[in-house]
Amino acid sequence: MKDDIDMLIEDCIRNTKTQYGSTNSLITKGLIDSGVVYKIVNSTLEIFEINLNSKLFNERLLIYSEQILKKKLPNDIDDAHLFVDEFFEKIQFYNGNYIWTSARQVATCLLSYIFHLLDSQGQDLKKYYSSLGKEKKRSTFHIHFEQAFLEFISKADSLADLKKYILSIADDPNRHHEAESFVRNLPKDNAELSKSLFYDVLKEDSKIKHFFLPKLLYGFIDVEFDFAFTESIKLISEEPSIALFIFGRLKYKSEKEIIEIDKAIGTITVADNMIGEYSYYLCNLISNFHIPNSIKTKYFEILENLIETSEENNLSAVFHNINYSLKNCDEEKYKLLHLYLTKTKNLQVIKDFFYQIEDPKYLFHLLKLMHSTGGWRASLNLFENAIGNFWNINQNLTQQCIFDLFTNRRYSLLGAQVIMTGYLEPIPIDLTKATENQQLNAIDGFCKHPIFFERLLPLLLPLRKSRSKQIKNHLVAQLSILIKEAYGKVLFELITSQVSNTKTDKQFITRIEAALDEYLDDKKEREEINEFNPYFNEKELMNLYYGLQNESQSKARKDANTGSIFNELATTKIIVRGNSWKFGDNEISPLGKVSISAMIDKRAYKDPEAFENLLNNFEHGD
């Protein structure tokens, strides 16, 4: 037996695991019969977990820790605590810098076992606990004394003492979570003691009940479902909020259980301070696979009513639960979003909402609605992260949703905007997989996008190889317009740098080169007309302006200096441009270069009104 436990400990620490399959050679009948390992309740697979509170396990773990630390366990409580802390530091990291999350629980259970040893040697652990009022003692160790102490008390003292010490620790704001964690885990560690504590607390006042009962019942959900189910129903009349808390977290296994709970819930009067838990319960039940359709429909109607009638604080809690707890019902959940937005106008919830939605079609439906209201001016900042998330999860489905935007010319600019939300670069859709109509509208939408066209161009150019003559002609026509009216020679050179030297590409370049020739001829003609050149037709006006400005500034300086004490104190400084910086006596360091460039459609700034009309008319089909 000892050898089996030693091998289990060695594997547990080395491979940072506490759970094993039933076929693992380390899981022997002796370990199961002795309680060193136990089968996980409700597990679909046959999984065994190490009982970290096992006396046999901790006897051998203590010997293992002494070998690791190369020293014996001290007899002093503080030194023993430090011993376990050092052991924790040895085992908490694996593969260099990864943290083993179970290491703290392993060390805490070992410390609890050591407390039993020290108690049997005459050490007064209760007196030591009373001395922990000094903050410096509390903050010395990684492994908190309180958790191990409660484990020790639960095995060594009466129920009254255990309850007293739990409440004592719970009253300390800095250690409140230690008490909560212990009570929540107690049913898994000691189900019979937990039941005794539960029934004992039922006799206490409401405040004590609200601390113990929810945590104990929650701990029983995975340990003994029937106990949590039955006792929660019994609490409905006296403590409905506690019952509601548990009802929202039970893992219902049949339609019968759900019908029974639904009837029980019907007897509860939901107060304002219970609305948050009530909505959580509704979302949990709706998401359950076994819920009858009639109850599911009723609960959706209740959620709609909660959105429409709740005040601001409760409404935030209700929608938070809808957002994060409602699963497997995208369509109904999306409808609830619209109800919430209609009432609150709080568009910020959109940022996180679609992370909990599986199908991107609802996001794109909302995008269309927002675009119909705001047009091409509408910002997509609230949608950027959600679009990127859907692309990362399901590129094919998201790409199809983007293609659908190009089905209607009205949303072609929106499609280009969505593509531009990609991180650092546009979303790399493959336009060759779109329909011919979608490709035509994509060409139009891309070419109307007023900025960063150089980033969209690589997505458009594959269409030059299309089998459709209409697509190729339309692409050449639109690029030619951009060369002549928007970007000039820069765009032509960009296109030539991104195509090959094949025969078809040379023909493609030849066709758009005609537009470049027209642009250059027009440019030369305009440059020869001095009336169009501001250097000539506005030179005299500019010289007059600067002359008057210098005269005005000179007079102002002269008036300010007359009789001014500051004139006598001030010194002249010459400010020059530089490319480096220096602190103190340190070496001179060059300034880093930060820059960004973008191709901007010159029509947007040459004649903004005409360009805006162009976009508006494009979206409305004119």
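The values are calculated or read from the model by the stated rules, or taken from the named source; none is laboratory data. Computed from a prediction, not measured in an experiment: that's the story for all the values here. With ideal geometry, Cβ positions are generated from the backbone for all residues, glycine too; neighbour counts draw on all protein chains shown. Heavy atoms of the whole protein, side chains included, go into the accessibility calculation; ligands, DNA and RNA do not. Shrake-Rupley method; radii C 1.70, N 1.55, O 1.52, S 1.80 Å.
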Query - Zone of T297's modelled label, taken as backbone nitrogen in the range 323-365 under 19 Å from a point 7 Å along Cα→Cβ - result: 329-336
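Identify the chymotrypsin sites (Phe, Trp or Tyr not before Pro) of the range 215-315 meeting these criteria: DSSP loop state and at most 14 other C-beta atoms within 10 Å of the C-beta.
On the way: sites: Y218, F220, F225, F227, F229, F245, F247, Y252, Y278, Y280, Y281, F289, Y299, F300; in loops: Y252, F289.
Answer in residue order: F289.
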Report task. Take the solvent-accessible surface of the protein heavy atoms, probe 1.4 Å, and return the percent of it on the chain that carbon and sulfur atoms account for. Result -> 50
Report task. Enter the angle in degrees (range 0 to 90, nearest 10) between the Cα long axis of helix 608-619 and the first principal axis of the Cα atoms of the chain, meaning the one along which they spread out most. Result -> 60
Report task. Over the chain, give the accessible area per residue in Å² for a 1.4 Å probe, as an integer. Result -> 56
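Give, rounded to the nearest 20 debye, the magnitude of the charge dipole that the chain has about its Cα centre when Lys and Arg contribute +1 at Cβ and Asp and Glu contribute -1 at Cβ. Intermediate results must be reported in sequence, preceding the final value.
On the way: 75 positive and 87 negative charges, 225 e Å.
Around 1080 debye, computed over the chain.
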Report summary line: Measuring from the longest principal axis of the C-alpha atoms of the chain, the long axis of helix 2-15 (C-alpha) lies at a number of degrees, nearest 10, equal to 20
Report summary line: Honestly the range 288-345 on the Cα gyration tensor test (a ≥ b ≥ c root eigenvalues; a/c under 1.5 rounded, otherwise a/b vs b/c for prolate or oblate) is just prolate
Requested in this report: Quick one: dipole size for the range 284-376, taken about the Cα centre, charges +1 on Lys/Arg Cβ and -1 on Asp/Glu Cβ, in debye to the nearest 20.
Outcome: 160
Report summary line: Ordered by number, the GluC sites (Glu not before Pro) in the range 32-84 that occupy a DSSP loop and have at most 14 other Cβ atoms within 10 Å are E46
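Any chance you could run the full-extension gain for E312 through K593? It's 0.36 nm times the residue separation minus the Cα-Cα distance, nm to one decimal.
On the way: separation 281, 0.36 × 281 = 101.16 nm, distance 4.82 nm.
The E312-K593 span can extend by a further 96.3 nm.
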Query raised in the report: For the chain, what is one quarter of the convex hull surface built on the Cα atoms, given in nm²?
Result: 48.8
Report task. Using only the Cα atoms of the range 462-537, each taken as one equal point scatterer with no solvent, compute I(q) by the Debye sum, divide by I(0), and report log10 of the ratio at q = 0.19, 0.20, 0.24 Å⁻¹. Result -> -0.79, -0.85, -1.10
Report summary line: Cβ-Cβ cut-off under 13 Å around L380, Lys and Arg +1, Asp and Glu -1: the net charge is +2
Query raised in the report: A191 versus N473, label points 7 Å from Cα toward the beta carbon: distance in nm?
Result: 7.9
Query raised in the report: So, in nm, how far is label S497 from label H210 when the simple model puts each one 7 Å beyond its Cα toward the Cβ?
Result: 6.8
Report summary line: Rounded to the nearest 10 Å², the accessible area of F383 using a 1.4 Å probe with every protein chain kept is 0
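Test of understanding: what is the full-extension gain from H365 to Q395, defined as 0.36 nm times their sequence separation minus their Cα-Cα distance? Spell out each step's value before the answer.
Values: separation 30, 0.36 × 30 = 10.80 nm, distance 1.75 nm.
Extending this stretch completely gives an extra 9.1 nm.
Mean residue ellipticity at 222 nm from the helices of the chain, using -39,500 (n - 2.57) per DSSP H segment of n ≥ 4 over the full residue count, to the nearest 500 deg cm²/dmol? Numbers along the way, then the final one.
Details: 34 runs with 392 residues, N = 622.
After summing the helix terms and dividing by residue count, I get -19500 deg cm²/dmol.
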Query raised in the report: Using only Cα atoms, what is the ratio of the radius of gyration of the range 262-301 to 2.2 N^0.38 Å?
Result: 1.16
Requested in this report: Could you estimate the translational diffusion coefficient of the range 163-255 from the Stokes-Einstein equation, with Rh from the Kirkwood formula over C-alpha pairs, at 20 °C and 1.002 mPa s, in whole µm²/s?
Outcome: 160
**Report entry** Inter-label distance for D85 and L45, nm, one decimal - labels placed 7 Å from Cα along Cα-to-Cβ
**Finding:** 3.8
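Take the Cβ-Cβ distance between K263 and E331 as r, set R0 to 41 Å, and report the resulting FRET efficiency rounded to the nearest 0.05.
Values: r = 28 Å, r/R0 = 0.68.
After rounding to 0.05, the efficiency reads 0.90.
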Query raised in the report: GluC sites (Glu not before Pro), restricted to the range 492-534: which are DSSP loop and have at most 16 other Cβ atoms within 10 Å?
Result: E528
**Report entry** Modelled label reach - K539, point 7 Å along Cα→Cβ, the range 506-532 residues with backbone N closer than 18 Å
**Finding:** 527-532
